[in-house]
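Notes to accompany the following structure.
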Amino acid sequence: MRDIRMVDLQQQYHKIKQEIDEEIQKVLDSTAFINGPAVKQFQSNLESYLNVRHVIPCGNGTDALMVALMALGLQRGDEVITSTFTFIASAEVIAVLGLTPVLVDVRPDTFNMDMEAVEKAITPRTKAVIPVHLFGQCADMERLTEIAKRHNLHIVEDACQSIGATFRFSDGRTAKAGTMGDFGCTSFFPSKNLGCYGDGGALFTNDDELARKARGIVNHGMFVRYYHDMVGVNSRLDSIQAAILDVKLRHLDEYIAARQQAAAAYTEKLRTCDGLVTPAIAPFTTHVFHQYTLLLKNADREKVIAHMQEHGVPVMIYYPVPLHEQKAYQDPRYHKGDFPVSESLCRHCISLPMHTELDDEQIAHITSHLIDAVNRY
Ligand SMILES: *Cc1c(COP(=O)(O)O)cnc(C)c1O
């Protein structure tokens, strides 16, 4: 059996090596390393794939979130709602911009933002909501869009883990993750579902004026060369990364299918194990399985993880600490116990290896050792 990795980029690269190497060589030959034709081409192909008017490439997913909040013109003291069970980036950009984060709990089944909690957290100072489409499935965007409209709030979707996921509205309309809010943001970090070979990210929007602003902000707030109309940053996707992404975008649907297949195989083998809760998929979204995250009902997590590692199975905890308990984000408004669902998920979740190259033998090995460990500990 091949070594089991949390993410297996080596195997994936080998399958597309020739295409990738050729495209990288073209960029090297052109020496158009920044804003070259490869960036425009990828941007346009991603716009078509997502069916969105504008893709604005940038340096990474965290910058995408920051630029979105800047383009929306949020001011110091404005409140931005996000969930406490997620990667740090959304709270980080809110803090960096001097905005006020307002945290809400998540749903115990999908781990996504609890929309009842969002509604309760709204105050006259609330200006925006950042729903995180966590682990690969969309938060309830229909409900959130309705709430946002009623309270005049902006929506910035964090689609860093969910590129390619499809949301279905009750009238039958569908939309890709990241194309429903004022902005959607994604990351092309190597381990993401559409990953490059370095750092990269992008914003998505259907609003021409917001797109214009975001394009200026990622380029020093410059709309005409050396005339700076807004405070901006330097955040670019380089041409080599864009060339790589353009190749991988052609394979994205097949990558998503491979992840979904691996997830279905995991669930099939694990769903009858009493000590585990397998991932639930909300009825209004597809799940692109950036992570396959389970809950251990009673088993001792440390012992389960040690057992898995002894048998050559890497396991990760996404995420061990909710945002409101992070040292750098201590806030007198929040205390341990305020977000019971997120706190419980942090104590009980484990994520299994998930990537495009898992085979049946590996999945059988992983699941049989997990069932053993859960029964034993
Ligand atoms: C990866 C990730 C980010 C940040 O992306 P970077 O490209 O690493 O800056 C933000 N939010 C979520 C949910 C992520 O998973």
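Here are a few things to note about the model shown:
- Residue count for the stretch 12-21, restricted to those that are in contact (Cβ under 8 Å) with a residue 24 or more places away in the chain and within 12 Å of Tyr255 (Cβ to Cβ): 2.
- All of Leu210, Leu153, Leu134, Leu144 fail the test of being within 15 Å of the ligand (Cβ to nearest atom) and open to solvent by less than 40 Å² (accessible area, probe 1.4 Å), apart from Leu134.
- Some residue of the stretch 58-76 being modelled with pLDDT of 95 or more, hydroxyl-bearing (Ser, Thr, Tyr) and buried (at least 23 other Cβ atoms within 10 Å of the Cβ): yes
- Any hit, the stretch 296-307, residues being part of a strand (DSSP E or B), touching a His at 6+ places or on another chain (Cβ under 6 Å) and open to solvent by less than 40 Å² (accessible area, probe 1.4 Å): yes
- Scope the stretch 317-337; condition in a helix (DSSP H, G or I) and within 12 Å of Ala91 (Cβ to Cβ); matching residues: Leu323, His324, Glu325, Ala328, Tyr329
- In the stretch 315-369, residue farthest from Thr100 (Cα to Cα) [restricted to those that are crowded, with 16+ Cβ neighbours inside 10 Å and among the hydroxyl-bearing types (Ser, Thr, Tyr)]: Thr367
- Within the stretch 106-143, considering residues that are among the polar types (S, T, N, Q), out of contact with any helix residue (DSSP H, G or I) (no Cβ under 6 Å at 6 or more places or on another chain) and in a loop (DSSP other than H, G, I, E, B), the one nearest to Pro340 (Cα to Cα): Thr110
- Per-region count, the stretch 6-17, residues assigned to a helix (DSSP H, G or I) and open to solvent by 20 Å² or more (accessible area, probe 1.4 Å): 7
The values are calculated or read from the model by the stated rules, or taken from the named source; none is laboratory data. Owing to the predicted nature of the structure, the values given are computational and were not obtained by experimental measurement. Reconstructed Cβ throughout: ideal geometry from the backbone, glycine too, with neighbour counts over all protein chains shown. Protein only, heavy atoms only, side chains kept; ligands, DNA and RNA dropped before computing areas. Shrake-Rupley method; radii C 1.70, N 1.55, O 1.52, S 1.80 Å.
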